[in-house]
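Asks: Sending over a structure as structure tokens; questions will come in a sec.
Since every read-out is calculated from the coordinates, none of them should be taken as a lab result. Remember, predicted model here, so these are calculated numbers, not experimental data. Because the Cβ atoms are built from the backbone with ideal geometry, glycine has one as well, and the counts that use them run over all protein chains shown.
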């Protein structure tokens, strides 16, 4: 993998991301736009990485979830992809740090979106949530 501006380049699905340099919400939840990812037969992996350096205060949490829905757009939780509570400075992550990977199951519904949540009113940094092809 090569890097562009210090970030690993991923071959993403249709040039779409679930989150692209999304600022961490401060003491709240961000919900991203839906991307159509069904019918990929387990061939898509979602990568969560720090687009810029992250900072979370000790005892505060960061959670990244994926939700999915069919044509009815009734979203339900698919998976918690990343969940961490900062302790002893562990809430600091450098730019390009890979936080998690999750392979979408073959029965994923048509529409997939991501949520990012923190309980830190001073959380800083940005995340990318990238659907990328698995090598076959």
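Asks: Which of the residues belonging to the stretch 33-58 are closer than 20 Å to residue 124 by Cα and either surrounded by fewer than 18 Cβ atoms within 10 Å (Cβ to Cβ) or more than 13 Å from the chain's Cα centre (by Cα) (or both)?
Replies: Correct list: 52, 53, 54, 55, 56, 57, 58.
Asks: Being surrounded by fewer than 15 Cβ atoms within 10 Å (Cβ to Cβ) and out of contact with any strand residue (DSSP E or B) (no Cβ under 6 Å at 6 or more places or on another chain) is the filter; apply it to the stretch 88-121 and report the residue that is farthest from residue 32 (Cα to Cα).
Replies: Out of the qualifying residues, it is 88.
Asks: Tell me the residue from 8, 61 that is under 14 Å from residue 115 (Cβ atoms), touching a strand residue (DSSP E or B) at 6+ places or on another chain (Cβ under 8 Å), touching a residue at least 12 places away in the same chain (Cβ under 8 Å) and surrounded by fewer than 16 Cβ atoms within 10 Å (Cβ to Cβ), please.
Replies: 61
Asks: State whether one or more residues within the stretch 42-55 are within 20 Å of residue 11 (Cβ to Cβ) and in contact with a helix residue (DSSP H, G or I) (Cβ under 8 Å, 6 or more places away or on another chain).
Replies: Yes, that holds for at least one residue.
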